[in-house]
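Reviewing the structure listed below.
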Amino acid sequence: MITSMIFFPEKAFYEEPEQYGFRWQDVFVETSDQVKIHGWFLQAGNEKGVILFLHGNAGNISGRLFKAKGWVDRGISVLLIDYRSYGKSEGEIKHGEDIVRDAEAAYQWLVQEKKTLPEDIIFYGESLGSYPAIRLASEKKAAALILEAPYTSFVELGSVHYGLIPEFMRNMLVRDFSFPNREEIPSVKVPIFMMHGTADQVCPYKMGEELFKLAPQPKSFFSVPGGGHNDLPMIADEDYWEKPYRFVNRYL
């Protein structure tokens, strides 16, 4: 019941890489607990770096192709990965650590199979994906970390969206899915770029501000006036890609 309240996976793809003219490949990797997950590697020409894109809690990788396009056009390849139960990935999410295992398997594929240098990898965490991205950035070598519409923790998000439920019950419900970004972000060892819309009603803007204060240097914050949770590319337009690109390009 709890996983169905947090995760909204879809199996069907909305779009395919061919529609964007990508040079791409199917990727299947096995996690440390023997779950096969799926992704798409989108190859940039004259590659400067690679983004490991960890998406939010709804849909699947096909809904992020348009986001990847802006990066590939700037010479940054993108590995879009679906967590277990999303898209063509097998298994199901039973604990918050499951999506961290999925992210770690994708990172290992880049390093071991694709022979990508760790210092050329950029972790990208979109909403829910900010937690596995932060975890990787605190434990693995990389060039930088980008966070889009992050949250401080799912415990604190619960107080925003389920305020009528007593606190002890909320904490009990999400005990396996607390995703404590507030506690983890001080341990990040790479430069951090964060973007957040001021009108975000899913992960409140103030959470992004609080997380940014706790983040170590070097760091940069892109505030998108009037931006919601899912419309930052439309509201920010080219700055949605250009501002984080200029930041991470310093470290590639």
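The values are calculated or read from the model by the stated rules, or taken from the named source; none is laboratory data. Here the structure is a predicted model, which means the values were calculated and not measured. Cβ sites come from the backbone with ideal geometry, for glycine too, and all protein chains shown count toward neighbours.
Odds and ends about this structure:
- Yes/no for Gln34 being assigned to a loop (DSSP other than H, G, I, E, B) and of a type outside the set (Lys, Arg): yes
- The residues on offer are Val50, Val27, Val35, and the sole one that is within 19 Å of Glu242 (Cα to Cα), in contact (Cβ under 8 Å) with a residue 12 or more places away in the chain and touching a helix residue (DSSP H, G or I) at 6+ places or on another chain (Cβ under 8 Å) is Val50.
- Qualifying residue in the range 97-113 (condition: in a loop (DSSP other than H, G, I, E, B) and surrounded by fewer than 19 Cβ atoms within 10 Å (Cβ to Cβ)): no
- Listed by first and then second residue, the pairs linking a residue in the range 194-212 that is over 9 Å from Val224 (Cβ atoms) and assigned to a strand (DSSP E or B) to a residue that is modelled with pLDDT of 95 or more and of a type in the set (Val, Ile, Thr), with Cβ atoms under 8 Å apart and 6 or more places separating them unless they lie on different chains, are Met194/Ile146.
- Single unsatisfied condition, Tyr20 versus (1) surrounded by fewer than 20 Cβ atoms within 10 Å (Cβ to Cβ); (2) at pLDDT 95 or above; (3) hydroxyl-bearing (Ser, Thr, Tyr); (4) touching an Asp or Glu at 6+ places or on another chain (Cβ under 9 Å): (4)
- Residues within the range 81-95 that are polar (S, T, N, Q) and surrounded by fewer than 23 Cβ atoms within 10 Å (Cβ to Cβ), tallied: 1
- Residue match in the range 120-132 (condition: at pLDDT 85 or above, buried (at least 24 other Cβ atoms within 10 Å of the Cβ), farther than 22 Å from His229 by Cα and of a type in the set (A, V, I, L, M)): yes
- Complete set of residues in the range 228-252 that are part of a helix (DSSP H, G or I) and in contact with a Gly (Cβ under 6 Å, 6 or more places away or on another chain): Leu232, Ile235, Trp241
- The set of residues in the range 188-209 being basic (Lys, Arg) and either over 28 Å from Ile121 (Cα atoms) or surrounded by 20 or more Cβ atoms within 10 Å (Cβ to Cβ) (or both) consists of Lys206 alone.
- Residues considered: Ser138, Ser85. Of these, the only one that is under 18 Å from the mean Cα position of the chain (by Cα), among the polar types (S, T, N, Q) and under 17 Å from Glu184 (Cβ atoms) is Ser138.
- Counted residues, the range 53-80 - those being under 15 Å from Glu238 (Cβ atoms) and surrounded by fewer than 20 Cβ atoms within 10 Å (Cβ to Cβ): 5
- Of all residues making up the range 55-77, the number that are part of a strand (DSSP E or B) and farther than 19 Å from Glu119 by Cβ: 2
- Checklist (1) modelled with pLDDT of 95 or more; (2) touching a Phe, Trp or Tyr at 6+ places or on another chain (Cβ under 6 Å); (3) buried (at least 21 other Cβ atoms within 10 Å of the Cβ) applied to Phe177, failing item: (1)
- Scanning the range 13-24 for residues that are assigned to a loop (DSSP other than H, G, I, E, B) and free of Cβ contacts under 8 Å to residues at least 24 places away in the same chain yields one hit, Gly21.
- Criterion: outside any helix (DSSP H, G or I), touching a residue at least 24 places away in the same chain (Cβ under 8 Å) and over 22 Å from Asn57 (Cβ atoms) - qualifying residue of Ser178, Ser220: Ser220
- Checked against (1) in contact with a Phe, Trp or Tyr (Cβ under 7 Å, 6 or more places away or on another chain); (2) assigned to a loop (DSSP other than H, G, I, E, B), Gly45 passes all but condition (1).
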